[in-house]
Every structure is written in structure tokens, then in C-alpha cells.
Amino acid sequence: MGSLSEPTPESNYSKPPGIRFLEYIKGTKLSYKTHQAIVLIVTFLAYASYHATRKATSIVKSTLDPESSYVGLKFTPWRTSYSEEPAKLSWKAGDGWAPFNGPDGTALLGELDVAFLGVYALGMYFSGQLGDRLDLRIFLTVGMVGTGLFTSLFGVGYFGNIHSFWYFLVVQMVAGLFQSTGWPSVVAVVGNWFGKSKRGLIMGIWNAHTSIGNITGSLIASALLSYGWGWSFVVPGLMIVFIGLVVFLILPVNPESVGTDKETDELHSPKKIDEGETEPLLNSKTVVKEKAVGFITAWKIPGVAPFALCLFFAKLVAYTFLYWLPFYITHTAIDGKYLSSTAAGDLSTLFDVGGVLGGILAGHISDRLGARAITAASFMYCAIPALFFYRSYGHISLTVNIILMFITGMFVNGPYALITTAVSADLGTHSSLEGNSRALATVTAIIDGTGSVGAAIGPLITGYISSTSWSAVFTMLMAAALIAGLLLTRLVVAEVAAKIEESRSQGGSASRSPVQALEV
């Protein structure tokens, strides 16, 4: 460590041109809280746009493959049988789109999902390592522009009358690679700007971008189906490119990149830029350029492995709903009637509305209890009866379907949101790292990358077994939710032991943080 008189080590990051412009117009430096607000808004929009592009595939499934689940309707459900035929669901004469309108269409769509998510999961591990070594603003911008390009290219298949399965497969795989840049980057940026005291609540609210993105993507894709399914991909693709340019112009990666810190901002009033005042330096410990944490080292951080494996099964459940819920709705009679692709897409957004509430509740509860593992495991266990009731009684009426879908979304997305945000940020700044903050993207990538393997497997299996029995699909989802909860058992026991020890201790010592509990 050098003294304050030594030159400041070179930073990996540069001040965004948009921030420079705002400071020029204002004539003063932006405050720490202003930067925090910019970070929350820009990263929220960025990741919402990622999910909006992903959602298009699930909405268009029933248009590409309108006939496939006549086979799927022959299963014996837990409670009811259906008498009415499903309506033609495609945008044009019910013929679908080759090669997805054949007898193996559902399986082919499942293979597209696993190709996308498989590359996404693999790319996540590399993206985390790159994110801790490169300028996250540039890295995120490239990822968003690439995602927009290849999302649009999938829609070009409609305009170009392309019917090659390999074309759609390759486009989805490259799109998955670019998509993998998003999550490690945005979590690392938010983690750089916010402390741990209310991280669960802040990130629970912030994580609504996942559900908002899904809802927005669903509504846009559904609204554009009547003009041709290609527009359902092209428009979200253009949206994410635009927001990517906003990220490039204005996103501050960390306090160091804009020459500010919270303590300096609170102690000193802003100085005029043209007064020749040197931008405030961070203390010497923070200014020193840290070495990024290695992949194996990040895996060894206490709590990373169990939370990563838990997320494997949690995302298996969540992404099966993400990719197949509209398809399931169009092929399930609700009050004896079948909904169109557009109506099913709109209805499916209520799952994500429940997810918004679930993410906020999980974050808030985990902050109040100081127990991330207990909260995540409890939500996963509650998801089991929610899945059962939605499958068993969702057909009774539209109102019952909406209520049960909302509840299911709340319990399924709650722990998913908590683990991928607050838990990842906690572990990325774990005490075993001895103050090294250059692990956020790597830890986030490990946890979400492992979860994304499950996210790939769930939709793939669903593509095959849904043509025989949707009941089997829901049984698989309930089993996955159970395993996800059980994988956190050791951490739950550790947190309970920590709470008991805390209650027995004398002298009113401060509560242990969620991360400290993981060290037990």
C-alpha cells in the first residue's frame, strides 16, 4: 500500500461520457446518492431488456407448433378431463412454421431452449472471470448489442422464409452466449455501490427487473403476433440495443470510476469542476488495484457451492415456467375453454407479477431475520403445494387460475431472486476474501451459471415429457423444489445455531450478518 502522496494506481474503469456531460451541465460533481440512483435505474432497464428478449420464444411457441400437443391432451390429469378441442393457435391458418409444426415439433422447441440455456450457462462462467478483469460498462454494452442482433436474427427467419432447424439452433446458441454477459455484470455493479445492511430488500425490489422484463416481453411479443411472429423477436432486439447504448453512455461501474465515495460525499459539499479541485480520492486501501479472484478460489468461498446447487433446481422450476407456461395455458382447458396464443401470453404475465412480490418479500424477510438460507429454503418448500394446487385446480375457472398462478410465481421466483442477487453479492464480498472486492462477477457467475444448467435441463425435459403428460412435468417441478430446499439444510442449521447463540449471548452484541452465519 502506498501513501496518499503516491500516484493513484490506474483503474480498469473510465468515467462514462454521459456522467461527464451531466457534470458539465450541472457545473458540479454528481453526489454519491445520485450515482446510486443512476446505477439502480440503468441496471434495472438493462436486465429487464435481457429478459424481454428471452420471453419472445415462449410466446411464439404455440404459433410455431400449433398442433403438437393434441398428443399432450391425451394424458390423464389428476382431477379432470376435457371435452372441447383446442382452438387453432397460429397466426396463419393454423399451419405453424416448419420444421416445428411436425410430430416432433415440441421436442425441437425444447432442443432450442436447451441449446440457448446450455451455452448461456457455459458462457456465464467465462463472463464472470472476464467481468472481474474488464470494464463492466463496455463488457455489458457489447453483450446487450450482441443479444439484440441475434434475437432479431431469429425473427429474420420469418421474414426470410427460413425453415432450417440448424439456422434457428445456431442463432439461439450465439444469443445465449451474449446473454451470459448480463447477470454477472449488473450484480457486480450494484454490489459495488450498495452495502449489506438492506441489501436483501434493495436487491429484492431491484430484482423485479426479471419479472418486469418477462411481462414486457410477453406483452410485446403477444401484441405483435398478428403482424407475423418475426416482429416478436425484432422489436425486443432493437429495444435491448438502444438500452445497451444508454449503458455505454451513463453507467458508473463503481465509485472509483467516477472519483467519489460515500464518506467523502457526506463530509464535503460538491466542488465546482472548473475550480481546479482534484476529484476526491478513495482511501489507499480501496484505490489500490486489486487482483481478480480465481475460479477455484471463488468456489471455495463458504456457501457458494450449496447456494449454486440450490439455484440449479430453483431455476429448473422457474425457467420451465418461463419457457413453457404460455404453451401450457393454450393447451389446458380453463373452465372448458382454450385460450389463444395472445391471451395465454397475456395471462402468463401474472406469474411474473407474483414473482415481483416474491422477490421483494424474500429480500425483506431475509434482511429482518439475517438469514438468507432459511428464507430461501422456506420459499422453496412453500412452492411445492403451490405447484400442486395450480396443476390440480387451475382449470376450474379463470379467476382460480389467476390466483394460483400468482401464488406459484411468488414462491418460485422469491428464492430465485434472493439467491441471484443478495446472496451472490454477500458471497462476492465474503470475509474470506480479506477485503478484495474483485470477486463479485465471478461469484455471481458461478452461482447463476450453475443455476442456468438447471434452467436448460428443465425446459428440455419438459419438451419431451409434456407430449405425454403435463402431470409428469409438475411432478418433476415439485421434486426439484424439494431438492432445492434440502440442499440448503446445512446452511439453515448453521443460521439457526447462530440465532440461538446470539439469543444466549449477553451484553447486546450486534447481530451476525448473513455472511457470517455461513462461516459456521
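Rule-based calculations on the coordinates, nothing more; no lab input. The shown structure was predicted, so the numbers you read here are calculated from the model rather than taken from an experiment. Neighbour counts run over all protein chains shown; Cβ positions are idealised from the backbone, glycine included.
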Practice problem: State the Cα centre-to-centre distance between the stretch 337-390 and the stretch 446-493 in whole Å. | Solution: 15
Quiz item: Excluding residue 485 itself, what net charge comes from residues whose Cβ is under 15 Å from its Cβ, given Lys and Arg +1 and Asp and Glu -1?
Solution: +2
Quiz item: Running Debye on the stretch 123-265 with equal point scatterers at the Cα sites and no solvent, what base-10 log of I(q)/I(0) appears at q = 0.20 Å⁻¹?
Solution: -1.27
Quiz item: Mind ordering 47-54, 23-30 by average Cβ neighbours within 10 Å, highest first?
Solution: 47-54, 23-30
Self-check item: Label-point separation, residue 133 to residue 381 (7 Å along Cα→Cβ), nm
Solution: 4.3
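Using 1/(1 + (r/R0)^6) with R0 = 35 angstrom and r between the beta carbons of residue 98 and residue 469, what's the FRET efficiency to the nearest 0.05?
It comes to 0.85.
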Exercise. Report the FRET efficiency, 1/(1 + (r/R0)^6), for residue 223 and residue 504, where r is their Cβ-Cβ distance and R0 is 56 Å, rounded to 0.05.
Key: 0.45
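State the extension gain, in nm to one decimal, for the chain segment bounded by residue 21 and residue 33, taking 0.36 nm per residue of separation less the distance between their alpha-carbons. Show your work: numbers first, answer last.
Details: separation 12, 0.36 × 12 = 4.32 nm, distance 1.77 nm.
Computed gain between residue 21 and residue 33 is 2.5 nm.
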